[in-house]
Amino acid sequence: MMPQNLSDSPTPGLSESPTPKQLGYYFPAEFAPHEATWLSWPHKEESWPGKIETIYEPYAQFIKALAENELVRINVNDEKMKSFAQNFLSEENVNMQQVEFFLHPTNDAWCRDHGPAFIINPNKKIKAIIDWNYNAWGNKYPPYDLDDVIPTLIGTHFNLPVFHPHIIMEGGSVEFNGKGTLLTSKSCLLNPNRNPQLNQQQIEFYLCEYYGVDQILWVDEGIEGDDTDGHIDDTVRFVNEDTVITVVEQNKEDENYEPLKKNLQQLKTMRLLNGKQLNIIELPMPDEVFYEGHRLPASYANFYIANNVVIVPVYDCDNDTKALEIIQQFFPLRKVIGISSVDIVWGLGSFHCLSQQEPKV
């Protein structure tokens, strides 16, 4: 039972009782069937200074691959942006019958973090949305007021229940196996620029009660150049309920070598709810990617799992083929494709960061 007096609760300010978990909701794994993929059309030039025009072609390739397998739902700021997107995607031979646009203004394109976190109740065959608070990764890139309300706008449009935990949480910071386990990183979720009023135990309580999980597994670190303070979707990903792919750096002189080695060691000590040890698959890192002297957070782990395809960011380097081959082993019923992220990653994210899945009930 939820404590009646919130001052006695380990999570001060917990707003809903009963919680989504108590109502039978949970957040499905990304590899579960999708109804759609949500995106927010890129338009903020400051995210790709001097380069935003170069990202639309690989972005359209991403949408084209998705639209072959599921609906693609895109937030746009206004009719002018909608028209631009429609024309561009049509010219790239995207199946426009599979693309839907929503006049939901955004500040930026990173729908994984500001978009709707869909949860389902499989027994009642119903869906809901969690609208976490959003502060652009620790108030790094204001304004973010438009992004912060996107989940509720979508919930209103589809007449779905919307839960409001009233704490900061980003979709790229959490990874799920669909069987009660959530993976995340201390460098991000315990960073005081997110929820300084909460300790680790309290954050875990929110994660369990809103995402409908029973176990939180923590690694320590993210990768160099990641302005999110270490999102898990650049380092460790579930590919089935007991297997993770984790990136490793072979070059001992690279800044990522020690942090990723430490993450690997931590993963080896973890056990799932059924007592099984994680099946850990090592994925190489790409060569360093720099733009104007900035190390960018290039990682093959930022792939997106759609219904019949897995889209992997590639970086025009020797490890591209190897990474695709490793990932393909775990998706025998899906086609694994690489799309260049050399320009997109200048925005400090890639295809997983840009997208958010809507599960089938």
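What's the number of the condition Thr19 fails, among (1) closer than 30 Å to Asp242 by Cβ; (2) exposed (fewer than 15 other Cβ atoms within 10 Å of the Cβ); (3) modelled with pLDDT of 95 or more?
(2)
List the helices (runs of 4 or more DSSP H) inside the range 124-222, counting only whole elements, that have at least 2 residues being out of contact with any strand residue (DSSP E or B) (no Cβ under 9 Å at 6 or more places or on another chain).
Result: 136-139, 145-148, 200-211.
Quick one: in the range 336-361, of everything that is of a type in the set (Val, Ile, Thr) and over 20 Å from Asn69 (Cα atoms), which residue is surrounded by the most Cβ atoms within 10 Å (Cβ to Cβ)?
Step by step, filter the range 336-361, then rank; the result is Ile344.
Which condition does Ile281 not pass, out of (1) over 30 Å from Ile167 (Cα atoms); (2) in contact with a Lys or Arg (Cβ under 8 Å, 6 or more places away or on another chain); (3) β-branched (Val, Ile, Thr), if it passes all the others?
(2)
Quick check: anything in the range 179-189 polar (S, T, N, Q), in contact with a helix residue (DSSP H, G or I) (Cβ under 8 Å, 6 or more places away or on another chain) and over 24 Å from Ile245 (Cβ atoms)?
no
Please pick out the residue among Asn123, Asn159, Asn135 that is without any contact (Cβ under 8 Å) to a residue 24 or more places away in the chain and either among the acidic types (Asp, Glu) or more than 24 Å from Phe84 (Cα to Cα) (or both).
Asn159
Filter the range 194-240 down to residues that are among the polar types (S, T, N, Q) and in contact with a helix residue (DSSP H, G or I) (Cβ under 7 Å, 6 or more places away or on another chain) and give me whichever is surrounded by the fewest Cβ atoms within 10 Å (Cβ to Cβ).
Across the range 194-240, the extreme among qualifying residues is Asn195.
Go through the range 275-289 residue by residue and tally those that are surrounded by fewer than 12 Cβ atoms within 10 Å (Cβ to Cβ) and either farther than 21 Å from Phe330 by Cα or in contact with a Pro (Cβ under 6 Å, 6 or more places away or on another chain) (or both).
Summing the residues that are surrounded by fewer than 12 Cβ atoms within 10 Å (Cβ to Cβ) and either farther than 21 Å from Phe330 by Cα or in contact with a Pro (Cβ under 6 Å, 6 or more places away or on another chain) (or both) in the range 275-289 gives 1.
Among the numbered criteria (1) surrounded by fewer than 20 Cβ atoms within 10 Å (Cβ to Cβ); (2) touching a residue at least 40 places away in the same chain (Cβ under 8 Å); (3) over 17 Å from Ile339 (Cα atoms); (4) charged (D, E, K, R), which one does Glu30 miss?
Exception for Glu30: condition (1).
Residue-by-condition table, conditions (1) over 18 Å from Arg112 (Cα atoms); (2) modelled with pLDDT under 95; (3) touching a helix residue (DSSP H, G or I) at 6+ places or on another chain (Cβ under 6 Å):
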{"residue": "Gln266", "(1), (2), (3)": "yes, no, no"}
{"residue": "Leu283", "(1), (2), (3)": "yes, no, yes"}
{"residue": "Ile327", "(1), (2), (3)": "yes, no, no"}
{"residue": "Gly349", "(1), (2), (3)": "no, no, no"}
{"residue": "Cys353", "(1), (2), (3)": "no, no, yes"}
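Being surrounded by 14 or more Cβ atoms within 10 Å (Cβ to Cβ) and of a type in the set (Ser, Thr, Tyr) is the filter; apply it to the range 243-273 and report the residue that is nearest to Phe290 (Cα to Cα).
If we take residues in the range 243-273 being surrounded by 14 or more Cβ atoms within 10 Å (Cβ to Cβ) and of a type in the set (Ser, Thr, Tyr), then Tyr257 is nearest to Phe290 (Cα to Cα).
Applying the selection to the range 324-339, what residues are of a type in the set (A, V, I, L, M) and in a loop (DSSP other than H, G, I, E, B)?
If the condition is that a residue be of a type in the set (A, V, I, L, M) and in a loop (DSSP other than H, G, I, E, B), then Leu333 is the only one that fits.
Just one of Asp316, Asp320 is surrounded by fewer than 19 Cβ atoms within 10 Å (Cβ to Cβ) and either more than 15 Å from Asp287 (Cα to Cα) or at pLDDT 95 or above (or both); which is it?
Asp316
The values are calculated or read from the model by the stated rules, or taken from the named source; none is laboratory data. Every value quoted in this text rests on a predicted model; they were computed, and no experiment measured them. Quick reminder, even Gly has a Cβ in these numbers, built from the backbone with ideal geometry, and neighbours come from all protein chains shown.
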